[in-house]
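Beneath this line is the structure, given in structure tokens, with notes to follow.
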Amino acid sequence: MKTTPAQMLPQLPLPEPLRGSEPDSFAFRTLSRRLPGIASRVLRSRAWHSKARTRLQALVDEMPNGRLRLLDDPQAQDAAGWEQDLVPYLGLTWLEAPWYVSETYFFRRLLEATGYYQAGPGFQLDPYLPEKRQEFEAVYAQSSRLCEHLDGPAFPAKPMQLEDPRAVGEVRSRLTNLLRQNIWGNQADRSMWPAGLRAEGPSLRTDGRSNEHLLVDHAGLVAEFLTSQPAPLHRIDLVLDNGGIELAYDLVLVDVLLSGSFTREIRLHTKPHPTYVSDVTTPDFYTAIDHLEQAREACLRLLAGRMRSYLADGRVQLRTDYYWTSLRTGWEMPAELRLELGESGLVVSKGDANYRRWLGDRSWPHTTFLDSILAYFPSPLLIMRVLKANLIAGLQSGLSERMYSLDPEWLHDGNWGIIQASGLPIPA
């Protein structure tokens, strides 16, 4: 892996990466039970060809004590990158390697097993499609919540030029509420809680107490930022995470930001291939639009129509990069992608895996100043994450200790969230 220039690193000494070697840690349980369970579900999900069945079972059997090897996927476009990046970890067991490395490697190995990039019956076949097809039942169940933001009064044509403090406060309040609802869509993570099972994990928080479960809440600060600009931002970038209900809330957010003239363009970053079960690929995005067009609720059908218009006129753009499915940290971002994100007025990062990437999946003290870690990031960053891994930064002193007393599994049980902003300039 290439050396990263010092100016593109966090401004603090790097702590040790999280690993699965501690027995009964969440990382250990992930590598020894949760991930093999995903491979077993994929194996049972369809009538795979014999080579895929053999490889999937071999992947299950080798975890967690087998050793990391190079990919055997010669036609894959990302094969050269993986060959380079895996060198420091070859020969380590799944538990000895950094957790993020092992987890990301697992999802790439699963595509190798099914033949996603090889000519044959598994070519370009999404191994998680049977679960993804169940996702839109959750969207339809939440349609009234989604329509609250779509059917309300239109935002002023130039909200950043409002002079009436009450009108400004109303716009900021609506944006704040939308962000606070949007985050809970991130509970729909099918790598954690399989679709179709009764124990699907935490419920989308719509009980009026969701704010109490935000350990950091910068939603109001972000609303102030968006309404304090002298003109609409040139572009906002949204790094997508899960499909289904989370993507539906993301599309509502995109619609509000564009129709309210908070930005001229929005660039959506999808995954280049299936990963983490429910992460959004470009085909998943278009499938979501198709589903919304068939919804019973008019507001969702109209949302789908506006999305198609935004795509046609360039106000919404789709991008993907193999970086998003690599094992590289935030400070190892490719130069071209770094330059692209550096042109953005605001990057919105959804989900737990992206958060882990930005923090290098390392054991930062929980009170570490987030801006010091993210000093390398090329633009203002908004992180919207439901906690599903044992790392966090930017907490107030004493909060972590109180949380362990209240909920011993608070870092990974999906019941707590953060809306964290970094590098956010607020005009005077």
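The values are calculated or read from the model by the stated rules, or taken from the named source; none is laboratory data. All figures in this text were calculated on a predicted structure; none of them were measured in a lab. Glycine also receives a Cβ, built like all others from the backbone with ideal geometry; neighbour counts cover every protein chain displayed.
Tell me which of these Ser45 doesn't satisfy, since it passes every other one: (1) hydroxyl-bearing (Ser, Thr, Tyr); (2) closer than 27 Å to Leu359 by Cβ; (3) more than 22 Å from the chain's Cα centre (by Cα). Here Ser45 meets the rest and fails (2). All of (1) of a type in the set (Gly, Ala, Ser); (2) crowded, with 17+ Cβ neighbours inside 10 Å; (3) over 24 Å from Leu12 (Cα atoms) hold for Ala393 with one exception: (3). Please work out if Leu86 is buried (at least 16 other Cβ atoms within 10 Å of the Cβ) and within 17 Å of Ser45 (Cα to Cα). Considered against the rule, which asks whether it is buried (at least 16 other Cβ atoms within 10 Å of the Cβ) and within 17 Å of Ser45 (Cα to Cα), Leu86 comes out as no. For segment 209-241, a residue qualifies if it is in contact with a strand residue (DSSP E or B) (Cβ under 7 Å, 6 or more places away or on another chain) and either more than 24 Å from Trp416 (Cβ to Cβ) or of a type in the set (D, E, K, R) (or both), and the qualifying residues are Asp217, Pro232, Leu233, His234, Arg235, Ile236, Asp237, Asp241. How many residues, within segment 48-69, are surrounded by fewer than 16 Cβ atoms within 10 Å (Cβ to Cβ) and under 24 Å from Arg34 (Cβ atoms)? Qualifying residue count, segment 48-69: 9. Counting only residues that are in contact with a helix residue (DSSP H, G or I) (Cβ under 6 Å, 6 or more places away or on another chain), of a type in the set (Phe, Trp, Tyr) and surrounded by fewer than 18 Cβ atoms within 10 Å (Cβ to Cβ), segment 100-130 holds 0 of them.
Put simply, of Glu246, Glu265 the only residue that is acidic (Asp, Glu) and under 28 Å from Pro36 (Cβ atoms) is Glu246.
Among the residues of segment 91-106, those identified as on the phi < 0 side of the Ramachandran plot and touching a strand residue (DSSP E or B) at 6+ places or on another chain (Cβ under 9 Å) are Leu92, Thr93, Trp94, Leu95, Glu96, Ala97, Pro98, Trp99, Tyr100, Val101, Ser102. Kindly provide the set of residues from segment 290-311 that are touching a Phe, Trp or Tyr at 6+ places or on another chain (Cβ under 8 Å) and not in a loop (DSSP other than H, G, I, E, B), ordered by number. His291, the sole residue that qualifies. The requirement of being buried (at least 21 other Cβ atoms within 10 Å of the Cβ), of a type in the set (Phe, Trp, Tyr) and not assigned by TED's automatic domain parsing to the domain that holds Tyr323 is fulfilled nowhere in segment 131-141; no residue meets it. Restricting segment 205-257 to residues that are closer than 21 Å to Trp410 by Cα and of a type in the set (Ser, Thr, Tyr), the residue that is surrounded by the fewest Cβ atoms within 10 Å (Cβ to Cβ) is Thr206. So for segment 70-79 (the condition being touching a Gly at 6+ places or on another chain (Cβ under 7 Å) and at pLDDT 95 or above), does at least one residue qualify? Looking through segment 70-79, none of the residues is touching a Gly at 6+ places or on another chain (Cβ under 7 Å) and at pLDDT 95 or above.
Inspect segment 277-289 for any residue being touching a helix residue (DSSP H, G or I) at 6+ places or on another chain (Cβ under 6 Å), surrounded by fewer than 20 Cβ atoms within 10 Å (Cβ to Cβ) and closer than 22 Å to Ala138 by Cβ and give the result as yes or no. Among the residues of segment 277-289, at least one is touching a helix residue (DSSP H, G or I) at 6+ places or on another chain (Cβ under 6 Å), surrounded by fewer than 20 Cβ atoms within 10 Å (Cβ to Cβ) and closer than 22 Å to Ala138 by Cβ, which makes the answer yes.
Yes/no per residue for (1) farther than 26 Å from Asn354 by Cα; (2) under 22 Å from the mean Cα position of the chain (by Cα); (3) free of Cβ contacts under 8 Å to residues at least 40 places away in the same chain:
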{"position": "Val280", "(1), (2), (3)": "no, yes, no"}
{"position": "Ile289", "(1), (2), (3)": "no, yes, yes"}
{"position": "Ala295", "(1), (2), (3)": "yes, no, no"}
{"position": "Ala298", "(1), (2), (3)": "yes, no, yes"}
{"position": "Arg301", "(1), (2), (3)": "yes, no, yes"}
{"position": "Arg308", "(1), (2), (3)": "yes, no, yes"}
{"position": "Leu311", "(1), (2), (3)": "no, yes, yes"}
{"position": "Gly314", "(1), (2), (3)": "no, no, no"}
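Residue-level check: of (1) modelled with pLDDT of 95 or more; (2) in a helix (DSSP H, G or I); (3) within 23 Å of Gln142 (Cβ to Cβ), Leu268 misses just (2). Reported count of residues in segment 325-338, each being farther than 17 Å from Tyr376 by Cβ and under 14 Å from the mean Cα position of the chain (by Cα), is 1.
Within segment 342-355, being surrounded by 18 or more Cβ atoms within 10 Å (Cβ to Cβ) and farther than 21 Å from Asn186 by Cα holds for Ser344, Gly345.
Using beta carbons and a limit of 6 Å, which pairs, at least six apart or on different chains, have the first residue in segment 39-68 and closer than 22 Å to Gly20 by Cα and free of Cβ contacts under 8 Å to residues at least 60 places away in the same chain and the second one among the hydrophobic types (A, V, I, L, M, F, W, C) and assigned to a helix (DSSP H, G or I)? Pairs that qualify, where the first residue is closer than 22 Å to Gly20 by Cα and free of Cβ contacts under 8 Å to residues at least 60 places away in the same chain and the partner is among the hydrophobic types (A, V, I, L, M, F, W, C) and assigned to a helix (DSSP H, G or I), are Ser40/Val60; Leu56/Ala39; Leu56/Leu43; Leu56/Ala113; Leu59/Ala39; Leu59/Ala113; Val60/Ala39; Pro64/Leu31.
Selection of segment 363-375 for residues being crowded, with 20+ Cβ neighbours inside 10 Å and closer than 17 Å to Leu346 by Cβ yields Leu370, Leu374.
Just one of the listed residues (Thr275, Thr287, Thr263) is hydroxyl-bearing (Ser, Thr, Tyr) and within 30 Å of Trp99 (Cβ to Cβ), namely Thr275. Taking the criterion of being out of contact with any Asp or Glu (no Cβ under 7 Å at 6 or more places or on another chain) and buried (at least 19 other Cβ atoms within 10 Å of the Cβ), the residues of segment 326-341 that qualify are Thr329, Gly330, Trp331, Glu332, Met333, Glu340.
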